[in-house]
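Structure first, then comments.
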Amino acid sequence: MQISSFVAPQRVLMGPGPSDVPQRILDALARPTIGHLDPRFIELMDEIKALLKYAFQTENALTLPVSAPGSAGMEACFANLLEPGDKAVVAVNGVFGKRMIENVQRCGATAVAVDQPWGEPVDPAAVEQVLAAHPDAKVLAFVHAETSTGALSDAETLCALAKRHNCLSIVDTVTSLGGVPLYVDRWKADAVYSGTQKCLSCTPGLSPVTFSDAAVAAIKARKTPVQSWFLDMNLILGYWGQGGKRAYHHTAPVNALYGLHEALVALKEEGLENAWLRHASMHQALAAGLEALGMRFVVKAGARLPQLNSVYIPEGVDDAQARAFLLSKYNLEIGAGLGDFAGKVWRIGLMGHSARRENIELLINALADAFAEQGKTVDAQAALAAVAGSL
Ligand code: PLP
């Protein structure tokens, strides 16, 4: 076997992430590697923290990117806030809520699940009932934007519930950051984590996190050390903390951080509100086109994530065959259903740089072609007219 350099195909990414990465970010990643304690690199780190505060809409001093993907941000929040014997209430309305339960249990804490139907937002009334029944709970955790179903939950109300019941909130914003309104300070969210490969349109592998003063106080008041050395915020702060005196903790992913910096500069240039509006208007256009093709949404209107559109696979269309057709003929990736939705649902992403009119038109044409290949005729021109009509 002859192995030589890997040449990646040029895909259009309209799945649940990663999303299309703009050339300016790819260019940033290719800049010369410098030392992770180089004074110029320290300046870059300070700028990343400032830009992340803007993206999260927070003044939290403890705001930084964890050097690993979104799941590590999740683990950092649970591992730092929970100690053995603690109790956490977790709303579960999809795959990532389930993953939160595992995190709680692996911290030696007790998880109380509030199970919700898949495809629906978390019901605050159901959460309130469970919080009232467990006054000893320390944490309320939930997923703002459930990527496995496409449902958007009311984070503001859920964070307020947490405060009313003396709980710290842990909020998953992996798919929401940069795509829909998120106000960490205004909503008084306590421990919030995200990912770089969704609406920030950066490469995968970093997890922005932010901790409120209340969350920091809880970390400082721990009786036991954080069981993960790598994710212990007390230690990470020695490297990411303010000022010139930084100590080695781990070797930062230098070039990946160039990429994140560039992605955040792009977000700042566009403006956060404009980015939210772009996602919303592209979603409306996509929905008009998909519905004109006869497709139905899983999530009811009003609770849909603009950046993650779950639709039922039309009857008579083979899931794997259609997705393979899109990839091989159009270089176009859409997402399969996860968990309970496997084989029944497609997840169509409009995240970050992928949320563009040309992508939507490509997808509508390609889907019509994929259906035709399986003997199902739809009117692509009418669907494209519906897209145009909604813009
Ligand atoms: N949480 C949500 C809502 C996600 O969508 C994902 C990834 O898709 C994760 C957590 C985990 O992130 P990662 O795959 O970057 O570890």
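Here are some notes:
- Residues in the stretch 358-391 reached by a label modelled at Asp318 [backbone nitrogen below 17 Å; 7 Å Cα→Cβ]: 369-377
- Residues whose amide H comes within less than 5 Å of that of Leu168, counting only those at least five positions distant or on another chain, are Val139, Leu140 (H built at 1.01 Å from N in the peptide plane).
- Filter on Lys188/Lys245; Lys245/Lys268; Lys87/Lys163 - keep pairs with C-alpha separation over 21 Å: Lys188/Lys245; Lys245/Lys268
- Using Cβ point charges alone (K and R +1, D and E -1), the dipole size of the stretch 272-390 about the Cα centre works out to roughly 280 debye.
- Couplings 3J(HN,Hα) for the stretch 351-362, derived from phi with the Karplus relation 6.51 cos²θ - 1.76 cosθ + 1.60 (θ = phi - 60°), are 9, x, 5, 6, 7, 9, 4, 4, 5, 5, 5, 4 Hz, where x marks Gly and Pro.
- The aspartates and glutamates whose alpha-carbon is closer than 16 Å to the alpha-carbon of Lys300, local same-chain residues fewer than 8 away aside, are Glu120, Asp123, Glu146, Asp154, Glu291.
- Charge dipole (the stretch 1-125, unit charges on Cβ, about Cα centre) - positive-most of Leu37, Val89, Ala72: Leu37
- Rg and Dmax [Cα atoms of the stretch 153-282; Å; Rg one decimal, Dmax integer]: 16.3, 49
- Cβ-based exposure ranking for Tyr248, Tyr54, Tyr193, in which fewest neighbours within 10 Å come first: Tyr248, Tyr54, Tyr193
- Close amide H contacts of Val12 (hydrogens built in the peptide plane, cut-off under 5 Å, sequence separation of 5 or more or a different chain): Leu332, Glu333.
- Residue-by-residue Karplus 3J(HN,Hα) for the stretch 218-233, coefficients 6.51, -1.76, 1.60, Hz, glycine and proline x: 5, 5, 5, 8, 4, 8, 10, x, 4, 5, 9, 5, 5, 9, 5, 4
- Selected from Met295, Asn309, Ala336, residue furthest toward positive end of dipole (the stretch 272-390; charges at beta carbon): Asn309
- In sequence order, the stretch 294-302 has phi-based couplings of x, 8, 10, 7, 7, 8, 5, 4, x Hz under the Karplus curve 6.51 cos²θ - 1.76 cosθ + 1.60, θ = phi - 60°, and Gly or Pro positions carry x.
- Each peptide among 312-325, 76-89, 276-289, 3-16 gets the average number of other Cβ atoms lying within 10 Å of its residues, and from highest to lowest they stand as 76-89, 276-289, 312-325, 3-16.
- With helices as the sole contributors, the chain gives -13000 deg cm²/dmol at 222 nm; each DSSP H run of n ≥ 4 counts as -39500 (n - 2.57), and the sum is divided by every residue.
- Under a model in which nothing but the beta-carbon of Lys, Arg (+1) and Asp, Glu (-1) is charged, the chain shows a dipole of about 580 debye around its Cα centre.
- DSSP beta bridges fully contained in the chain are about 50 percent antiparallel.
- Estimated FRET transfer efficiency (Arg11, Thr377; beta-carbon r; R0 22 Å; 0.05): 0.20
Each value in this text was obtained by applying a stated rule to the coordinates, not by laboratory testing. These figures come from a predicted structure and were not determined experimentally. Positions of Cβ are generated from backbone atoms using ideal geometry, with glycine treated the same way; all protein chains shown enter the neighbour counts.
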